[in-house]
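Enquirer: Below are the structure tokens for one structure; questions will follow.
Taken together, the values in this text are just the output of simple stated rules run on the coordinates, not laboratory data. The structure presented is a predicted model; accordingly, all values stated were derived computationally and were not measured. Heads up, the Cβs are rebuilt from the backbone with ideal geometry, glycines too, and the neighbour counts pull from every protein chain shown.
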Amino acid sequence: MKLLPYELALSVEHAIRAAQTAGDLPTFDVPDVKISAPKRPEQADYAASIAMQLAKPASLPPPLIAEHIVKHLHPPAYIGAVEVIGGYINFKLADAWLREQVEAIIVEGTDSAIIDVGVGKRTQVEFVSANPTGPLHIGRSRGAMVGDAMARVLAAAGYAVEREYYFNNAGQQMTNLSISLRYRYREALGLPPITGDELHYKGEYLADFGKLMAEQHGDALTDADLQPFKAFAEANMFDAIKATLKRVDIRHDIFFNENSLYESGAVWETLAQLDERGYIYKSTLPEVDNTKGEKDEDGEATWFRSSRFGDNKDRVVVKATGEPTYTLPDIAYHINKLARGFDVCVNVLGADHFIEHQVVKYGLRALDLDASKIHVILVQIVHLMKDGQRVKSSTRAGNFETLDDLIDQTSADAVRYMLLARSADSQMDFDLDLAVKQSNDNPVYYIQYAYVRCAGIFREAAARGVSDDGADLSHLGDAELKFIRRALQLADVIEVAARTFEPHQVAFFALDLANAFHPVFDSVRVLHSEVPPEVAKARLRFFRAAQIVFKRLLDLMGMTAPDTM
RNA sequence: GCCCCCAUAGCUCAGCGGAUAGAGCGUCGCCCUCCGGAGGCGAAGGCGCAGAUUCGAUUUCUGCUGGGGGCACCA
């Protein structure tokens, strides 16, 4: 598909310069021309409001400027009509060209990238990145859907995309998880907990793991060794997370373990480099601290002078115990990402990680690395509502709704759409009861239904021996062409979604297009007795193109395209 | 106190400086002689407040009000 507005903008800019050369317009710096798509297609398919912007520099009334521009305009071949209305220059797509696009959509199919703005560029999308301490809950799920859709959008824009999952399996949280599992294991055997063991993680899943271990190992693991419990918890938790992700068709290319940054020495190398540039010092308290938080003196820690980059306090990178905080390996990780040569690294994070990501960027800047290549999609928090109350979702307390539960109660497609169809930076209340109740009213079914209806026609057409081979598309009418106009905006939507890192744009476009489709389907009959065979052929061809567009949209959102509902 | 996000229809949300601000759900009318009823047609209903920039502001900026989140030697 082509990015029509860009070509149009260039031709308008060209026309303005030509008008200046010809003396029709005075000389001034030509600004970038913006092409918009008016909401009312009867007005125009595309419009330029540049004449109004130029009223001042040109010292002429906008309609006159518009006329002068049009006089020198050589629009691209797909433009059928150019019209000046008020200060607007309106463009209509040519019907003949639109008919060709029906065939073009079918030829392109659903396999290739839709546009080519990212061809030759590599991107990485890091998302989910949950440590294996529990099942995925709803809060994480939003980032999972956004990240996955972002990856799909970038791929559709022509980028080579790698999906990465960053995790650690070290540290206190995994120890606590292992202890909790040992607790559950002994519980399953009817044994009292080892002195000092507590149930840090209270979720039911660990009780299941404990029972499983009791079945597999009997009482062979009753000595104090924690290692088998850690290994079991990690392996099974990761399997569970991957299985959950698979249900919504999410996969990652690379699972990056924080631990590898220790093994390679990257963590301490990072510290040394920061130190070399004078960004590191040892102290019991930060040198710069503009916050009002409580101050602890836990002995001499190692600090990063993040305040030099505008942070309101310096940050600890190595604790007094000698153990690095999360920040240091995180900086090392991003150095690693940049070293892998991606043109863009997209990082899908929960809003509560905002500060952390800022500090990482300060770290990269301290080392003169290009932090601008890292783009963060900050996904705002999801508040879970149950019985009209906000539920604090906590992995430790075990009182959370898992993504699996949600899928069980609704469907993978419905969950996908619910979490995807809003911009990442708006907070959302997720009313579980309402979600379950309304899952049948989920717009996703309205979108899928457009695809299903096309499939229905082809089934029926095949049964009646009607095919779309050799269709003469001149039989297509205004209703079909109107839909094609709208469908072709998919290219623009992908471009915007990729450029602004906003995959939700696709979700809304899909709904809009379904809205445009159903009335057409209602009025454009194919296999009706009064429809002449050659018209039926052409219309069938049209619906084939429409079906492909819906398939692409559903693919972009990671949703299924069923043949029946 | 500082930082971030948000404020648009009864509800949930779109709206990359432009023409008459859209959709879903809900409400109220109407429509199954058909490939399709998880459908179609129609109605009611809205930009928190005050400034600034601009030919033009729901959109950019500032202040205010209101809501949410974050300010660990946790990850």
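Enquirer: Considering (1) under 28 Å from the mean Cα position of the chain (by Cα); (2) crowded, with 19+ Cβ neighbours inside 10 Å; (3) within 8 Å of RNA strand B (Cβ to nearest atom), say which one A:V526 fails and leave the rest.
Expert: Result: A:V526 passes all but (1).
Enquirer: From the list A:A104, A:A149, pick out the single residue that is outside any strand (DSSP E or B) and touching a Gly at 6+ places or on another chain (Cβ under 9 Å). Walk me through how you get there before you give the answer.
Expert: Details: A:A104 fails: touching a Gly at 6+ places or on another chain (Cβ under 9 Å).
Exactly one of A:A104, A:A149 is outside any strand (DSSP E or B) and touching a Gly at 6+ places or on another chain (Cβ under 9 Å), namely A:A149.
Enquirer: Could you list, in sequence order, the residues of the range A:433-442 that are buried (at least 19 other Cβ atoms within 10 Å of the Cβ) and either in contact (Cβ under 8 Å) with a residue 60 or more places away in the chain or more than 9 Å from RNA strand B (Cβ to nearest atom) (or both)?
Expert: A:A435
Enquirer: Related question: Name every residue in the range A:534-545 that is over 13 Å from A:V524 (Cα atoms) and surrounded by 23 or more Cβ atoms within 10 Å (Cβ to Cβ), in order of residue number. Walk me through how you get there before you give the answer.
Expert: Step one: of the range A:534-545, the residues over 13 Å from A:V524 (Cα atoms) are A:534, A:544-545.
Across the range A:534-545, the qualifying residue is only A:A545.
Enquirer: Sticking with this one: If a residue has to be over 29 Å from A:L261 (Cβ atoms) and in contact with a strand residue (DSSP E or B) (Cβ under 8 Å, 6 or more places away or on another chain) to count, how many in the range A:158-215 make the cut?
Expert: 0
Enquirer: On to the next question. I'd like to check which helices (runs of 4 or more DSSP H) are fully inside the range A:16-79 and have at least 2 residues that are buried (at least 18 other Cβ atoms within 10 Å of the Cβ) and touching a residue at least 40 places away in the same chain (Cβ under 8 Å).
Expert: On the way: elements: A:50-53, A:55-58, A:62-71.
Per the criteria, A:62-71.
Enquirer: Within the range A:80-97, take every residue that is under 18 Å from A:A487 (Cβ atoms) and in contact (Cβ under 8 Å) with a residue 40 or more places away in the chain and give me the one that is surrounded by the most Cβ atoms within 10 Å (Cβ to Cβ). Before you say what the answer is, go through the steps one by one.
Expert: Quick first cut of the range A:80-97, residues under 18 Å from A:A487 (Cβ atoms) only: A:80, A:91-97.
Then drop every residue that is not in contact (Cβ under 8 Å) with a residue 40 or more places away in the chain, which leaves A:91-93, A:95.
On the way: A:F91: 27, A:K92: 18, A:L93: 21, A:D95: 16.
Once the filter is applied, the top-ranked residue is A:F91.
Enquirer: Output yes when any residue across the range A:231-240 is surrounded by 12 or more Cβ atoms within 10 Å (Cβ to Cβ) and more than 30 Å from A:L406 (Cα to Cα), and no when none is.
Expert: First, the residues of the range A:231-240 that are surrounded by 12 or more Cβ atoms within 10 Å (Cβ to Cβ): A:231-238, A:240.
Still in the running and more than 30 Å from A:L406 (Cα to Cα): none.
Within the range A:231-240 (the criterion being surrounded by 12 or more Cβ atoms within 10 Å (Cβ to Cβ) and more than 30 Å from A:L406 (Cα to Cα)), the answer is no, since none of the residues qualifies.
Enquirer: Given A:A272, A:A243, A:A301, A:A266, which one is small (G, A, S) and more than 17 Å from A:G363 (Cβ to Cβ)?
Expert: Details: A:A272 fails: more than 17 Å from A:G363 (Cβ to Cβ); A:A301 fails: more than 17 Å from A:G363 (Cβ to Cβ); A:A266 fails: more than 17 Å from A:G363 (Cβ to Cβ).
It is A:A243.
Enquirer: For the range A:480-511, what are the residues that are farther than 19 Å from A:V102 by Cα, within 7 Å of RNA strand B (Cβ to nearest atom) and of a type in the set (D, E)?
Expert: A:E502
Enquirer: Quick check on my filter: what residues within the range A:305-346 are without any contact (Cβ under 8 Å) to a residue 40 or more places away in the chain, within 8 Å of RNA strand B (Cβ to nearest atom), out of contact with any Pro (no Cβ under 6 Å at 6 or more places or on another chain) and not acidic (D, E)?
Expert: Within the range A:305-346, A:N312, A:V316, A:K319, A:A320, A:T321, A:T325, A:Y326, A:T327 meet the criteria.
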